[in-house]
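These notes concern the structure reproduced below.
The values are calculated or read from the model by the stated rules, or taken from the named source; none is laboratory data. Keep in mind that what you see is a predicted model, and the values were worked out from it rather than measured. We place every Cβ from the backbone using ideal geometry, glycine too, and count neighbours over all the protein chains shown. Just the protein is used for accessible areas: all its heavy atoms, side chains included, with ligands, DNA and RNA removed. Shrake-Rupley method; radii C 1.70, N 1.55, O 1.52, S 1.80 Å.
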Amino acid sequence: MELKLAATDPLKTKTACLVLGAWEKGLNAPLLKRLDDALQGELQRAVRNGEFSGKEGELLVLRPQPALPAERILLLGLGSRTAAGLEPLRRAAGQAVTALRGQRLTRVVCALPLVELRNGRLDDKVEAVAEGALLAGYRFDRYLPAAEQKSGLLPKSFHLLIDRSSDRNACQQALNRAEQISRGACLARTLVNEPGNTKSPAWLAEQARAVAAEAGLHCTVLNREDLRREGFGALLGVAQGSEREPCLILLEHRGGPDGEAPVALVGKGVVFDSGGISLKPAEKMDEMKMDMAGGAAVIGTLLAAGRLQLPVNLLGVVPAVENLPSGTAIRPGDILTSLSGKTIEVLNTDAEGRMILADALTYVQRFAPRLVIDLATLTGACIIALGRHASAVLGNDQALVRQLLAAGEQSGERLWQLPLWPEYDRQLKSDIADVKNTGGRPAGTITAAAFLQRFVDKARWAHLDIAGTAWNDEARPYAPKGGSGVGVRLLLRFLRNLTVER
Ligand code: BES
Ligand code: MN
Ligand code: ZN
């Protein structure tokens, strides 16, 4: 599906399908009025019959010929316009692409960038519509027979309409941004969807190397020997039950001034989490191939940041391990010495993410980062607390948390803050080591973050628990079931806000 800009009148454009949007109570928008006039009241009749009202997710198909040149019109409900951000546009564009998939259309024309939106700049609307369309086009189909590879059945081209007076250059840049950002998010989805049998830590490192080559990044991979020499005791402890060699992946984007402290992004990279000796139940264990979604988000973000040449220095770190039970695995009760020197009493081998992140956080602070953000599918408790509609954010710097919350609203990858009061830290007190690796059932997401905080010295730091958001158990307007790619669009929005670029 090729995305292009066009500055034509939607009602005078020849196309297999014209995509339009309507806000609830916004059916008198000038374009819709013109449409209704051309169709001699057809739209008003549909509204009166209760077929369409503009509610979010509604879809009305019209056949306007011979009055208009479009063969078909797809009118999408955008929901309430009050206080709406760009998310309704992403959703509607995604819904359009999903509805048209499989029809082998040649040319679709989409007028969604022209809908009225308070404070909505045209280039921002173009970016949102393009993003929704591209993300909705994604399928993980590399293991399906060619006949079922549905990515091929998308419209050949998807034209985004802008008006003649608008800044075409700015809109073209927005379109390019949407393409790079969506690619980053779709790469993260694919890394997550890839099954555990192919997805070894070494495979993940290979993917990171390929990304580095494509995006002009520097990639370094520390292997088991390197990690041993340095003293990554917590990471190596988690990895020791698997025959697959763990590694630590480092991706660097040098887009900012020389010597400027980097923004560090750390992503949990457990390529499969069986729980280890504290084995998980069989039901849904297959989903634990997604336990490297934080790492996938970091790799996807670095890909886009490199290709967009974001003017910032970035450091992506992905500790990659597999958590399996075996004769060499760590046991409940074991004590590991982390890279920081702190000892960890392992009460539950299924609380492995925080241990590999502890070492990764210690390591990344050696680079004196200006701030550190980690992303991890860290706790089942986060799914209980927030479901699949928000990631949890916790941190030691409220200004940073606020910037992340804002980027979450803007990108549609929403966050909700949980407290990190010192009281919670007491649940981690061990009698025989510096810290226990679990704090019991109460406030599981918070005590996991409190554990990480023990390994953060002076850095400004925020932790994102993406356990609920990294995996869609149902299709969304612009995402199929499976890996969501969460984090990529959020982080890119955050980084772009940081650099005051668009
Ligand atoms: N990867 C899991 C968390 C998870 C669960 C992510 C379900 C996505 C869906 C993590 O390693 C884990 O097992 N956490 C334990 C921690 C507990 C043992 C303290 C959990 O949440 O049960
Ligand atoms: Mn686990
Ligand atoms: Zn895990």
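Hey, can you tell me all the residues within segment 283-337 that are hydrophobic (A, V, I, L, M, F, W, C), more than 17 Å from Val271 (Cα to Cα) and within 16 Å of ligand 2 (Cβ to nearest atom)? Explain how you work it out, then say what you get.
Of segment 283-337, the ones hydrophobic (A, V, I, L, M, F, W, C) are 285, 288, 290, 292-293, 296-299, 302-305, 308, 310, 312, 314-315, 317-318, 320-321, 324, 329-330, 335-336.
Of the ones still in play, those that are also more than 17 Å from Val271 (Cα to Cα) are 302-305, 308, 310, 312, 314-315, 330, 335-336.
If the condition is that a residue be hydrophobic (A, V, I, L, M, F, W, C), more than 17 Å from Val271 (Cα to Cα) and within 16 Å of ligand 2 (Cβ to nearest atom), then Ile330, Leu336 are the ones that fit.
Filter segment 251-270 for residues that are open to solvent by less than 10 Å² (accessible area, probe 1.4 Å) and within 19 Å of Asp359 (Cβ to Cβ) and give the result. Write out each step before concluding.
Pass one, segment 251-270, residues open to solvent by less than 10 Å² (accessible area, probe 1.4 Å): 251, 263-270.
Within segment 251-270, Leu251, Ala264, Leu265, Val266, Gly267, Lys268, Gly269, Val270 meet the criteria.
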Look at Cys247 and say whether it is at pLDDT 95 or above and within 30 Å of Pro332 (Cα to Cα). yes
Checked segment 107-123 for anything open to solvent by 30 Å² or more (accessible area, probe 1.4 Å) and without any contact (Cβ under 8 Å) to a residue 60 or more places away in the chain; matches are Arg118, Asn119, Arg121, Leu122
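Could you identify the single residue in Arg90, Arg101 that is within 26 Å of the chain's Cα centre (by Cα), within 23 Å of Glu2 (Cα to Cα), at pLDDT below 95 and not β-branched (Val, Ile, Thr)? So that I can check it myself, show each step before the final result.
Values: Arg90 fails: at pLDDT below 95.
Result: Arg101 is the single residue among Arg90, Arg101 that is within 26 Å of the chain's Cα centre (by Cα), within 23 Å of Glu2 (Cα to Cα), at pLDDT below 95 and not β-branched (Val, Ile, Thr).
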Would you check if Ile249 is out of contact with any Phe, Trp or Tyr (no Cβ under 6 Å at 6 or more places or on another chain) and away from ligand 3 (no atom under 16 Å from the Cβ)? yes
Looking for something open to solvent by 10 Å² or more (accessible area, probe 1.4 Å), in contact (Cβ under 8 Å) with a residue 40 or more places away in the chain, assigned to a helix (DSSP H, G or I) and within 30 Å of Ala136 (Cβ to Cβ) - is there at least one such residue anywhere in segment 232-250? no
Select from segment 276-318 the residues that are open to solvent by less than 10 Å² (accessible area, probe 1.4 Å) and of a type in the set (Asp, Glu) and list them in ascending order. Asp291
Considering (1) more than 15 Å from ligand 3 (Cβ to nearest atom); (2) surrounded by 24 or more Cβ atoms within 10 Å (Cβ to Cβ), say which one Asp273 fails and leave the rest. (1)
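What do you reckon, is Gly294 among the small types (Gly, Ala, Ser), more than 14 Å from ligand 3 (Cβ to nearest atom) and on the phi < 0 side of the Ramachandran plot?
Values: among the small types (Gly, Ala, Ser): yes; more than 14 Å from ligand 3 (Cβ to nearest atom): no; on the phi < 0 side of the Ramachandran plot: yes.
Considered against the rule, which asks whether it is among the small types (Gly, Ala, Ser), more than 14 Å from ligand 3 (Cβ to nearest atom) and on the phi < 0 side of the Ramachandran plot, Gly294 comes out as no.
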